Amino acid sequence: MAGRVTIDEGVVYGQAGGDGRELRCDVYRPEDHDGPLPGVLLIHGGGWRQGDRTQLRGYGVLIGREGYVCVAPEYRLVPESPWPAQIDDVRAALQWMRDHADRLGIDPTRIAVEGNSAGAHLALLLAADESLQLGACIAVYPPTHLVFGEHVDGSVPLIAIADDGGSLELEREVSPLLLASPSFPPTKLIHGSGDDVVPVAASFRMYEALHAHGVPVDLHIYAEQPHAFDAEPLYGRATAREMVHFLGRYL
């Protein structure tokens, strides 16, 4: 991958709820491409309870070099701010990209969302919202079914985002698997078969659900790789190449 990327750090994209805390993002702009360019919202992971916007810096640079403006936002974490603060914040970041498309050099009709782990869960929830009209979604080792009650194949416990344990209604609201529909944008799922944090079955089940609805969907399983395998540079670069290829097909 070639080309230079300028990084604008700590750009304010909104305020958190009613407490007035500023929410910030980092913007990755390719220097050698003429706009308006497609945009990618990069959502970090961390189990909804930790992590920060710098986690996907490598993807911001690698994807940015190929002619995409990438925006990596922070979002409020549990338990500082209970659900749905997390999805509200990333939705606000997406809207900010569209509202400031001219200044950012983004084509507002060509925006994709990418996330890792908890960020991939949030990315899939954005993709499930037909009104957002996303061009594509990439989810890397995503939790797809947050279950209230007994574990089912591929699920993670709902208590991960709901300290009170949640409810069946919340399970339906926050599980991308249960929200799969024909309105999903083209989606790419990436997972390691050795993942003992988010079962690889989470991506298999999401693939099957989207495929059943006629959604263009790719699934790439990396043999024997654990959760967050792409933190290793070799896998990170390979995954970035996959992302760029997929984005080129649909944006």
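The values are calculated or read from the model by the stated rules, or taken from the named source; none is laboratory data. Quick caveat: nothing in here was measured; it's all calculated off a predicted structure. No Cβ is skipped: glycine too gets one built from the backbone with ideal geometry, and neighbour counts run over all protein chains shown. Only protein heavy atoms, including side chains, enter the accessible area calculation; ligands, DNA and RNA are left aside. Shrake-Rupley method; radii C 1.70, N 1.55, O 1.52, S 1.80 Å.
Note on the range 145-174: residues that are open to solvent by less than 20 Å² (accessible area, probe 1.4 Å) and in contact with a Ser or Thr (Cβ under 7 Å, 6 or more places away or on another chain) total 4. For the range 1-20, a tally of residues being free of Cβ contacts under 8 Å to residues at least 40 places away in the same chain and out of contact with any Gly (no Cβ under 9 Å at 6 or more places or on another chain) returns 9. What do you reckon, is residue 36 touching an Asp or Glu at 6+ places or on another chain (Cβ under 9 Å), open to solvent by 10 Å² or more (accessible area, probe 1.4 Å) and within 20 Å of residue 135 (Cα to Cα)? In short, yes. Does residue 171 satisfy being under 23 Å from residue 191 (Cα atoms) and of a type in the set (Asp, Glu)? Yes: the conditions hold for residue 171.
Residues are listed down the side, and each one gets a yes or a no for (1) among the hydrophobic types (A, V, I, L, M, F, W, C); (2) under 24 Å from residue 108 (Cβ atoms); (3) out of contact with any strand residue (DSSP E or B) (no Cβ under 6 Å at 6 or more places or on another chain):
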residue	(1), (2), (3)
122	yes, yes, no
136	yes, yes, no
139	yes, yes, no
149	no, no, yes
152	yes, no, yes
157	no, no, yes
177	yes, no, yes
183	no, yes, yes
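Between 118, 128, the distinction of being modelled with pLDDT of 95 or more, buried (at least 18 other Cβ atoms within 10 Å of the Cβ), in contact with a helix residue (DSSP H, G or I) (Cβ under 6 Å, 6 or more places away or on another chain) and more than 15 Å from residue 40 (Cβ to Cβ) belongs to 128 only. Restricting attention to the range 60-81, the residues that are open to solvent by 50 Å² or more (accessible area, probe 1.4 Å) and either within 15 Å of residue 13 (Cα to Cα) or at pLDDT 95 or above (or both) add up to 2. Scanning the range 192-225 for residues that are open to solvent by 60 Å² or more (accessible area, probe 1.4 Å), on the phi < 0 side of the Ramachandran plot and not hydroxyl-bearing (Ser, Thr, Tyr) yields 196, 197, 204, 205, 208, 211, 212, 213, 220, 223. For the range 49-59, taking the residues that are free of Cβ contacts under 8 Å to residues at least 60 places away in the same chain and part of a helix (DSSP H, G or I), the one that is most open to solvent (accessible area, probe 1.4 Å) is identified as 57. The residue pairs whose first member lies in the range 206-217 and is under 22 Å from residue 156 (Cβ atoms), whose second member is of a type in the set (Phe, Trp, Tyr), and whose beta carbons are closer than 6 Å, counting only pairs six or more residues apart or on different chains, are 210/184; 217/207.
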